[in-house]
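Here's the structure we're looking at; comments come further down.
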Amino acid sequence: RATMKSLRFISAEVFVSNAESARKRLGGVAHNLFPLLFKASYLLEQGEVIHDLVENWPLIDFNMRKLLGTTVDYQEDLSHRTCSVCLESCLTGLRDYVLNRSSLYMKRLKVVDLTGIKDVEVQFCECKKAMGRWARTQMLSKICLDLLVYLQQAQHNPDAFEINIDVLIDLFVTERNYELVVQALLKRCHCPLKICCVAFRSDNLALQKFFYIIKLTDPSSLRKLEIVHNVRLEMEHLEILFNTMHFPLLMSLTLPARTFNVRRFTATDEQTLCNVAEKMGEMMQLTELSVPYSILTGRIQKLLSPLKTPLKMLDVSNCSLNLADMDYLASSFHANHLEVLDLSGHDLSDIYPSVFLKLLRHSSPVLRSLTLEDCNIQDNHVNMLILGLSPCQKLQEFKFLGNPLSSQTLKHLFTFLCELPMLKTVEFPVPRDCYPVGITYPIDDASLCTYDHQKYERVAEELKLILLRANREDVKASTPLFGSYDAAVQETNNELGAYLIKSFKETLEKFTTSL
């Protein structure tokens, strides 16, 4: 659907469409028109014009979220376009802003905010090449180090050292870019472009390196911390982290699988859990917590009760929660504020249906996203599920892959889902009757693709027809068998794969040695 453009925006598009002419005439452009020209250039992927606009930026701040988001002149949000041509031009333009010889009086820029960029699966730019979070981290770090080399050369303007620009960014560090980012952070105080880490993600990194680099990022400024794949962080390491560093602004925390495992808890471990929870409550402002694949049976209250701020996002998928845990969640003050909830891997229907309905009822006024994958939801449970979802009128995303539901039941469920006014995304399972008789749930990876593909396609078309007849073409329904798109994993999948192979090889070698 086409988005309306103002006459000003159309004029800006015409101006930037001829890159050579636009670059020559930028000197005569009023300062308040630079944001308009920037968005028009970004839409048309005019890399050279973007570079020159940033190099000569006349304003105090450069905020990607505001520049690319909804504006009066053009309401379409372009912040999901991580176009490589455009973003590379932005970063090189920022470098040349420091290096060009215009007077310091003309250089007013103080803050560059790159945190508003959203990484998505489908790129609408013509080049079809995205610059993801890892690549942005890599390029900014390299530009900062290159700047220091350039500025030490006699021909460059010594006044450049007087420039101080805070560059707010969400860093993504793995083994492959670790050394580069460390060097950039170590030399931050000498560089005109000051890397300010607002959010930090770490994958495929040795624990010692993680502890070193997290200290360099200035933890007191971090708002989001994600420790995800192949960082061997366990509960005792988390206690050390929270005892040695302070995270007063931290609002979002994601921990790797098996950070907590109560099945092997000793009395000391129980105390460690209490210490970790108390630190989270005392020195953080957590509103988002993700602890997937930890074993937390009977301990969810210990972990969450010290928190002083209500959680808006909670991921406790595959955490082996019991009835007491679910009862605490449903009765806690967090329940009334949960906007995003993932309870995947729990047998909700048979073990604690009433508590589950209570949790949904309390969160229904604000709940936007609900994930119930591999929850053993069967045909005879769907009416209960519909009852629970009925008050969730703000629900935008519902994912229930891996549940043994028949084609007929899915049609019944989709007829109800059409009534949720804000729903935009549905991830539904391959119907049980598309698989061979006797298939067991949860389905292992080897059997996931052994279904009748033609029958599935017919059912999927019927489900989409239900949406179409209800005038709900706005709802995107799909079956991503191997999980939803993860921009970070997609960008670093080669490194992740190599790391997994290496770990597997080391495990085999240890096993062989022990034999």
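Observations, loosely collected:
- For ALA477, nonlocal amide neighbours, meaning residues 5 or more places apart or on other chains whose placed amide H falls under 5 Å from its own, are VAL426.
- Sorted from longest to shortest, the spans of the Cα atoms of the chain along the three principal axes equal 74, 59, 47 Å.
- The chain - share of DSSP beta bridges that are antiparallel (%, nearest 5): 5 percent
- Candidate cross-link partners of LYS399 among the lysines, defined by an alpha-carbon separation under 27 Å and a same-chain spacing of 8 or more, comprise LYS118, LYS224, LYS312, LYS358, LYS411, LYS424, LYS455, LYS464, LYS476.
- Each Lys and Arg contributes +1 and each Asp and Glu -1, all at the Cβ; summed about the Cα centre of region 7-131, the dipole is approximately 440 debye.
- Nearest 10 degrees, 0 to 90: helix 7-17 Cα axis against the chain principal axis: 70 degrees
- Cα point-scatterer Debye curve for region 63-146, base-10 log of I(q)/I(0) at q = 0.17, 0.20, 0.25 Å⁻¹: -0.79, -1.01, -1.30
- Between SER484 and GLU20, the C-beta separation translates, for a Förster distance of 45 Å, into a calculated FRET efficiency of about 0.55.
- Per-q log10 I(q)/I(0), region 7-131, q = 0.13, 0.15 Å⁻¹ (Debye; single scatterer per alpha-carbon; no solvent): -0.48, -0.64
- Take region 31-169 with all the other protein chains still there, run a 1.4 Å probe, and you get 45 Å² of accessible area per residue.
- Extents of region 286-378, taken as max minus min of Cα coordinates on every principal axis and listed largest first, are 36, 28, 19 Å.
- Averaging the Cα positions of each part gives two centres, and for region 207-240 and region 66-118 these lie 29 Å apart.
- Centroid-to-centroid separation of region 296-324 and region 158-180 [C-alpha atoms, Å]: 36 Å
- The chymotrypsin sites (Phe, Trp or Tyr not before Pro) of region 400-429 include none that meets both conditions, a loop assignment by DSSP and at most 13 other Cβ atoms within 10 Å of the site Cβ.
- Acute angle (nearest 10 degrees) that the helix 407-417 long axis makes with the longest principal axis of the chain, alpha-carbon atoms: 60 degrees
- Between THR425 and LYS128, the contour length at 0.36 nm per residue exceeds the Cα-Cα span by 104.6 nm.
- Cα gyration tensor category, rounded, prolate or oblate, for region 139-262 with a/c compared to 1.5: prolate
- Since only ASN56, SER84, PHE124 are under comparison, the one whose Cα sits farthest along the positive direction of the charge dipole of region 1-144, derived from C-beta charges on Lys, Arg, Asp and Glu, is ASN56.
- Computed over the chain, the per-residue total of -39500 (n - 2.57) for DSSP H runs of n ≥ 4 gives a 222 nm mean residue ellipticity of -12500 deg cm²/dmol, rounded to 500.
- For the chain, the longest principal axis of the Cα atoms and the long axis of helix 84-99 meet at an angle of about 40 degrees.
- With a cut-off of 13 Å between beta carbons, the residues surrounding ASP203 carry a summed charge of 0, where Lys and Arg count +1 and Asp and Glu -1.
- For region 383-487, the set of GluC sites (Glu not before Pro) satisfying both a DSSP loop assignment and a count of at most 10 other C-beta atoms within 10 Å is given as GLU473.
- Shape index of region 197-258: Rg/Rh, with Rg the Cα radius of gyration and Rh the Kirkwood radius from the inverse mean 1/r over Cα pairs, equals 0.91.
- In terms of packing, defined here as the mean over residues of other Cβ atoms within 10 angstrom, the peptides 222-234, 27-39 line up highest first as 222-234, 27-39.
- Within the accessible surface of the chain, defined with a 1.4 Å probe on protein heavy atoms only, the carbon and sulfur portion equals 54 percent.
The values are calculated or read from the model by the stated rules, or taken from the named source; none is laboratory data. Since the model is a prediction, treat every value here as computed from it, not as a measurement. All Cβ positions, glycine included, derive from the backbone under ideal geometry; neighbour counts span all protein chains shown. Just so you know, the surface numbers come from the protein's heavy atoms only, side chains and all, with ligands and any DNA or RNA stripped out. Shrake-Rupley method; radii C 1.70, N 1.55, O 1.52, S 1.80 Å.
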